[in-house]
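Engineer: If you scroll down you'll find the structure; I have some questions about it.
The values are calculated or read from the model by the stated rules, or taken from the named source; none is laboratory data. Because the structure is a prediction, the values reported are computed rather than measured. FYI the Cβ positions are ideal-geometry reconstructions off the backbone, even for glycines, and counts take in every protein chain you see. With ligands, DNA and RNA removed, areas are computed over all heavy atoms of the protein, side chains included. Shrake-Rupley method; radii C 1.70, N 1.55, O 1.52, S 1.80 Å.
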Amino acid sequence: MTKARLLRLSVVLVSIFMILLIIVYWDNVGTAHFYLHTSFSRPRSPGAIPGITAGEDWEALPDVDEFLAKLLSSSLKQNNSTPRKTEQLLVQGSNKPVVSNLEEKVRGYDWSTHKDRNSLDQEKLQLERQRTLREFCANSSFTFPTKERSFDDIPNYELNHLIVDDRHGIIYCYVPKVACTNWKRVMIVLSESLLDQGVPYRNPLDIPREHVHNTSTHLTFNKFWRRYGKFSRHLMKIKLKKYTKFLFVRDPFVRLISAFRSKFELENEEFYRRFAIPMLKLYSNHTNLPTSVSEAFGAGLKVSFSDFIQYLLDPRTEKMTPFNEHWRQIYRLCHPCQIDYDFIGKLETLDEDAAYLLQLLKVDRLLRFPPSYRNRTASSWEDNWFAKIPLAWRQQLYKLYEADFVLFGYPKPENLLKD
């Protein structure tokens, strides 16, 4: 009887081991490599990154997660001990890119230098941002949709904004209209997920914009199911515990203005057909609209900011389809009450935050964060943009985006919400 039990146990253990080897092999031949044992894989000292405690969360992992992590880490340890040719010191200067995209041509780059914020100030700033987020996530009197669900309750398709770099142990949740194009470029360089004539990109600005936003370029959490099957959630949790997680946010109303400017004030065929035509029909009473955006712009047919706000507030909008990612709330994209982010950057302090983050990630000698756009949408523009929007609409809009304001420490825009 005892021999039979031992035999069955041996068969089970060998089967599990073989499955894990298949998973590791599968991942190694994919576009991103499963390097768990990185500089961020080890338990950090309390002062390593603000808000991160040393290893206590890791010890609390369920047995299955711990078993997977230890086995995979030990089996891949040798891979990480081999020096990589690609991790070279940054040698290129501030090469200005050849700009081919319409939006980048219009907006241009700001190549002026910016003085970095003192590291001590940055550390305090991060602690304050994380404390604000955690306090409101824990505050039972502050509610918003999806707040109370667990990470396991989040559908896979809602995890498509979490980009993983296994080579350096980084997870980035991208938020459209918050410098995400350039942060995606940084992630491509770090993860080596895209090659140029067989060689990984070194300079983020060399990467064409159309490749940056191609979903096949990035390894995201929503792809884990296809790679790892029933182990996908376990592996996500391991990475969330061990990797450095960051996102960048922006004043919600300013983000909306920026989204409107780039998608409806510039000629964009996709957004014209998917969104502008329905808006013009519903809110401006237009019929027989041109089929192409160039014809529409030539005839002076453009979506107004008022049309856009009506579209956001219209209860029919999300009954048809969820908000597009460019105006979807940040809490719906990045799940900040379910994922404990180690670094919260803001577009308002992008240059300082980006420089500090790259230092914390120990990749500041590999690359520089690309420069900001010259004519970036500014918060000082809010009054002008909302001047013709009825007060009641402004108040409804604030309620729609209130969670983003509160969670990320943006003041309530009282001047827009009162007569």
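Engineer: Keeping all protein chains in place, calculate the accessible area per residue for the range 249-389 (probe 1.4 angstrom), answer in Å².
Structural biologist: 43
Engineer: Y174: accessible area at probe 1.4 Å, nearest 10 Å²?
Structural biologist: Probe radius 1.4 Å; accessible area of Y174 about 20 Å².
Engineer: For the range 178-225, what does the accessible surface come to per residue with a 1.4 Å probe? Please give it in Å².
Structural biologist: 38
Engineer: Could you tell me the extents of the range 221-360's C-alpha atoms along the three principal axes, largest first, rounded to whole Å?
Structural biologist: 55, 40, 26
Engineer: OK, next. For the range 267-329 and the range 141-188, what is the separation of their C-alpha centers, rounded to whole Å?
Structural biologist: Cα centroid of the range 267-329 versus Cα centroid of the range 141-188: 27 Å apart.
Engineer: Testing the spin-label approximation: label points 7 Å from Cα along Cα→Cβ at R131 and T349. State their distance in nm.
Structural biologist: Calculated label separation equals 1.3 nm.
Engineer: For the range 118-209, run through the trypsin sites (Lys or Arg not before Pro) and keep only the ones in DSSP coil with at most 14 other Cβ atoms within 10 Å of their Cβ.
Structural biologist: Of the trypsin sites (Lys or Arg not before Pro), the ones in loops of the range 118-209 whose Cβ has at most 14 other Cβ atoms within 10 Å are R149.
Engineer: Counting only protein heavy atoms and using a 1.4 Å probe, what share of the accessible area of the range 250-358 belongs to carbon plus sulfur, as a whole percent?
Structural biologist: 47
Engineer: Quick one: net charge around V293, please, counting Lys, Arg +1 and Asp, Glu -1 for every other residue with C-beta under 13 Å from its C-beta.
Structural biologist: Within the 13 Å Cβ shell, the charges total -1.
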